[in-house]
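Working notes, beginning with the structure itself.
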Amino acid sequence: MGWLSKTRNKVILLAPTLAVYIVYLIVPVFIAIYYSFMRYSGISKPRFYGWNNYIRLFNDPSFGIALKNTCIILVMSLILLGVGSFFVALLLNQRLRFSNVSKALLFSPAIIASIIVGVIWGYILDPVTGLINNVLRSIGLDALALEWIGGDTLSPYSISVVYFWQQVGYIAAIYVAGLKTIPTEVYEASAVDGANFWQRLICITVPMMKGTFISVGVLIITGSMKIFEVVQQLTGGGPTHYSETLVTYSYDMTFASGEYGYGMALATVTFLISFVIMGAYMFITREHGERRL
């Protein structure tokens, strides 16, 4: 395997993947930025429009709603997935009966197509025909039969719960893998010293899983910022854009409304927001880790 040490051979091996990455990921970003400065319907010839698409964007109340919904989903996902999945992983890491079956069942939603997830939860959350509200009405709790999806309040929270259900097994599997890397001798030594569960969790498990927490945070941020199929299937962004996210609103403006330039401006701003959040997250976690060292 000594031939792998040569730079030329490394470049040859990486070239196909790098070419695909550039063509399908990097180039489209610059194309989107280019069209964001155009007035373009997707059919006619694009005309230079300057900063007008961006000026319109920051004066668009629907953009503010989409940004608010996306932020709610992001925060809820960080709480539910980041924290909730960790405690699920702690439970799965125990030598319990049927633990392997539990892991398989918990991971199964992650392999279901997102559009199917939206269909399944549509039957559960629909305010009129959904399972939850029909059960509540049948037991006389009509006051609790709320507008879980499609309204202007609860939709992003419901979408966060659906996203948690879909991804909890996947994130928990990453946490379990991280827990397996911690030497058992460390726990045994702490048990001899009389440390209880919470002391071991705070002083041993969490610090030694710093890399895993960073990786999970990146996955949650990128995943929640680009949720599309579930929102599209559950609400379609309605009514009147009240349940839009940044991605679904960009899609609606680009393809449904035929405002390609404005849709690309939305996509560009979404990319920049994601980049800033990711950069801030990486900076904070790195600074915190260096201070601990």
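The values are calculated or read from the model by the stated rules, or taken from the named source; none is laboratory data. What you see is a predicted model, and the numbers here were worked out from it, not measured in a lab. Cβ placement follows ideal geometry from the backbone for every residue including glycine, while neighbour counts extend to all protein chains displayed.
Being of a type in the set (S, T, N, Q), within 17 Å of the chain's Cα centre (by Cα) and modelled with pLDDT under 90 is a property that SER243 has.
Scanning for something closer than 27 Å to SER243 by Cβ, free of Cβ contacts under 8 Å to residues at least 40 places away in the same chain and surrounded by 15 or more Cβ atoms within 10 Å (Cβ to Cβ), does the stretch 104-111 turn up at least one residue? So far as the stretch 104-111 goes, no, none of its residues is closer than 27 Å to SER243 by Cβ, free of Cβ contacts under 8 Å to residues at least 40 places away in the same chain and surrounded by 15 or more Cβ atoms within 10 Å (Cβ to Cβ). Restricting ILE182, ILE227 to those that are over 22 Å from the mean Cα position of the chain (by Cα) and closer than 30 Å to LEU90 by Cα reduces the list to ILE182.
Suppose the filter is more than 25 Å from TYR260 (Cβ to Cβ) and in contact with a helix residue (DSSP H, G or I) (Cβ under 7 Å, 6 or more places away or on another chain); does PHE86 pass it? Yes: the conditions hold for PHE86. Considering only residues in the stretch 34-68 that are of a type in the set (A, V, I, L, M) and under 23 Å from the mean Cα position of the chain (by Cα), the one that is surrounded by the fewest Cβ atoms within 10 Å (Cβ to Cβ) turns out to be LEU67.
Across the stretch 259-282, the number of residues qualifying as closer than 18 Å to ILE227 by Cβ, of a type outside the set (A, V, I, L, M, F, W, C), touching a residue at least 24 places away in the same chain (Cβ under 8 Å) and in contact with a Ser or Thr (Cβ under 8 Å, 6 or more places away or on another chain) comes to 2. Only a single item in (1) surrounded by 17 or more Cβ atoms within 10 Å (Cβ to Cβ); (2) within 28 Å of ILE159 (Cβ to Cβ) is not met by ILE79, and it is number (1). Scanning the stretch 245-255 turns up no residue that is over 30 Å from TRP165 (Cβ atoms), touching a residue at least 40 places away in the same chain (Cβ under 8 Å) and out of contact with any Leu (no Cβ under 9 Å at 6 or more places or on another chain). Surrounded by 12 or more Cβ atoms within 10 Å (Cβ to Cβ), farther than 26 Å from GLY211 by Cβ and in contact with a Phe, Trp or Tyr (Cβ under 8 Å, 6 or more places away or on another chain): does that describe ILE116? No, not satisfied. Check the stretch 29-42 and report whether any residue there is in contact (Cβ under 8 Å) with a residue 60 or more places away in the chain, assigned to a strand (DSSP E or B) and either more than 20 Å from ASP252 (Cα to Cα) or out of contact with any His (no Cβ under 6 Å at 6 or more places or on another chain) (or both). Yes, there is a match, as at least one residue in the stretch 29-42 is in contact (Cβ under 8 Å) with a residue 60 or more places away in the chain, assigned to a strand (DSSP E or B) and either more than 20 Å from ASP252 (Cα to Cα) or out of contact with any His (no Cβ under 6 Å at 6 or more places or on another chain) (or both).
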